[in-house]
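Participant: Once you've had a glance at the structure underneath, I'll fire off some questions.
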Amino acid sequence: MNVQRVVITRSGGFTGISVTAEVDDADEAAKLTEAVRSAADRPAGRGRDDFVYEFTIVTTETTDRIDLTGSQLPRDLRPVVQALLARS
Amino acid sequence: MHCTLVPPYILQALARQDDPAVRDAAVRTLAFEKTFAVSRLIGDRALRQATATTAPRLQRLIHDALNGEDLPGELVRREGAPASADVAVNEAYEGLGDTWELYLGVYGRNSIDDAGLALSGTVHFSEQYDNAYWDGEQMVFGDGDGMLFNRFTISVDVIGHELTHGVTGATADLAYKNQSGALNESISDVFGSMVKQYSLGQTAEEADWLIGAGLLAESVNGVALRSMRAPGTAYDDERLGGKDPQPAHIRDYLRTTSDNGGVHTNSGIPNHAFYLAAVALGGNAWERAGRVWFETLTGGELRSDATFPQFAQLTVATAERLLGTEARKAVAEAWAGVGLVTS
């Protein structure tokens, strides 16, 4: 079950405006998926107006979605996700 | 683990009794309950610091994250200190003061927790950060990217909005999802707008009812992020995803799994109901409509999973209790204006 691509949507925040980006390189998508899955167990926090990051993970067999709050998103992943969303 | 058998609204009714024994016992229990609610919100250490305050006294702490993400960051201005050379620091300081003034001066609420909690805000969070949020303990403001958004301290209603999330968390604690989440967002917009109106001395008729005026960069086609007078009209720009999506009527309620069930979109419905109520009741919004919404939020009867109809019904009952039959009719008609019928 290989990860083919990941679609990232950031919603929420004070502005409530959604932006979407896609990682279609299979290797990059697999790395991102691993980081996102491990972050999902972190505490979501009690933030209000925090961003919500939705990761739609498309594999050869399934499509899964994992939501992370801004406080769950790992720090080392934030610049990457930010850059991807800024390019979209 | 602390549990309570007597619902807060019954305790509050008992606290209004003439019998001093009943009244005092209820007040003591309510204070105990509040202590636990606040403890959940801010932690025991902060609670001790907060409750050490005996008389209402504004205490502001402004920090600078220096474009990093460690909170709260470096303390750059505390209560009574002279103005900074940094405009964001001063805007945060003044905005927290304006918000504190509204809550204490109009509603008699002593800070977020009604126990004198110091107000903490951090500016310059992260880099080109297009957001402001309440993290459960403090307010956090980004600088914006400069292309679409200016700094998030630029509008006092943004600051009032974030601080009100703290008030909601310490009171009804509306669940941040679907309709209760949209109510949570709406209440922050309502009191954010009233902070602005109160600081400017504007009546409901005079106010612009915009949320985030000045926040959009000059090149963006829009006047603000949201309009309570006319939801769905605040902006229209492809770079923001197109047109402002907020509905003004329940028939246009957005069903989505994004943004915790569209909490920043569907808040347009109760936002518009408040605007209609404020204009119908007349005068300064904070005096009549604001009083009704504040009492509904803090009165103890509002459930954390409240729906739009449940909240609407409570505001109508509160209007009757506080202001009489004419006000009750005005609030009911305001909700009817967004498609919600109350009895």
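The values are calculated or read from the model by the stated rules, or taken from the named source; none is laboratory data. Being a predicted model, the structure only gives us computed values, none of them experimental. All Cβ positions, even for glycine, are placed from backbone atoms using ideal geometry, and neighbour counts span all protein chains on display. The protein model used for the area step is the full one, side chains on, heavy atoms only, and it has no ligands, DNA or RNA in it. Shrake-Rupley method; radii C 1.70, N 1.55, O 1.52, S 1.80 Å.
Participant: How large is the charge dipole for the protein assembly as shown, taken about the Cα centre, if only the Cβ atoms of Lys, Arg (+1) and Asp, Glu (-1) carry charge, to the nearest 20 debye?
Facilitator: Its charge dipole is roughly 1200 debye.
Participant: Using a 1.4 Å probe on the protein heavy atoms, what percent of the accessible area of the protein assembly as shown belongs to carbon and sulfur?
Facilitator: 50
Participant: In nanometres, what is the gap between the two model label sites at A:ARG37 and B:GLU101, each 7 Å from Cα along Cα-to-Cβ?
Facilitator: Reported label-point gap for A:ARG37 and B:GLU101 is 5.5 nm.
Participant: Shifting gears a bit: So, in nm, how far is label B:GLU94 from label B:THR257 when the simple model puts each one 7 Å beyond its Cα toward the Cβ?
Facilitator: That separation, rounded to one decimal, is 4.5 nm.
Participant: For segment A:38-73, list whatever residues lose no less than 30 Å² of accessible surface once every protein chain is in place, relative to that chain by itself, with the probe at 1.4 Å.
Facilitator: SASA drop of 30 Å² or more in segment A:38-73: A:ARG46, A:ARG48, A:ASP49, A:ASP50, A:PHE51, A:VAL52, A:ARG65.
Participant: Report, to the nearest 10°, how far helix A:26-39 tilts away from the longest principal axis of the Cα atoms in chain A, using its own Cα long axis and a range of 0 to 90°.
Facilitator: 40
Participant: Rounded to the nearest 500, what is the protein assembly as shown's calculated 222 nm mean residue ellipticity when only DSSP H runs of at least 4 contribute -39500 (n - 2.57) each, over all residues?
Facilitator: Taken over the protein assembly as shown, the calculation gives -13500 deg cm²/dmol.
Participant: Can you list the HN-Hα couplings for segment B:273-282, worked out from phi with the Karplus curve (6.51, -1.76, 1.60; θ = phi - 60°), rounded to whole Hz and with x for Gly and Pro?
Facilitator: 4, 5, 4, 4, 5, 5, 5, 5, 6, x
Participant: Give the A-B buried accessible area in Å², both sides summed, 1.4 Å probe, nearest 100.
Facilitator: Summing both chains' loss of accessible area gives about 2100 Å².
Participant: With every protein chain present, what is the per residue accessible area of the protein assembly as shown (1.4 Å probe, Å²)?
Facilitator: Accessible area per residue: 43 Å².
Participant: Here's a follow-up. So which residues in segment B:128-155 end up with at least 50 square angstrom less accessible surface once the other protein chains are there, compared with the chain by itself, probe 1.4 angstrom?
Facilitator: B:ASN131
Participant: Within 14 Å, Cβ to Cβ, of A:ARG75, how many net charges do the neighbouring residues add up to if Lys/Arg are +1 and Asp/Glu are -1?
Facilitator: Net local charge, A:ARG75 excluded: -2.
Participant: Please work out the Cα center distance from segment B:196-213 to segment B:148-193, rounded to the nearest Å.
Facilitator: What the calculation gives is 16 Å, centre to centre.
Participant: How big is the gap, in Å, between the Cα center of segment B:77-119 and the Cα center of segment B:316-340?
Facilitator: 32
Participant: In segment B:247-270, which residues give up 10 Å² or more of accessible area once the other protein chains are added, compared with their chain alone (1.4 Å probe)?
Facilitator: B:THR257, B:SER258, B:ASP259, B:ASN260, B:HIS264
Participant: Loop-only trypsin sites (Lys or Arg not before Pro) in segment B:225-256, please: DSSP not H, G, I, E or B, and at most 13 other Cβ atoms within 10 Å. Don't jump to the answer; show the numbers that get you there.
Facilitator: Values: sites: B:ARG226, B:ARG229, B:ARG239, B:LYS243, B:ARG251, B:ARG255; in loops: B:ARG229, B:ARG255.
Passing sites in segment B:225-256 are B:ARG255.
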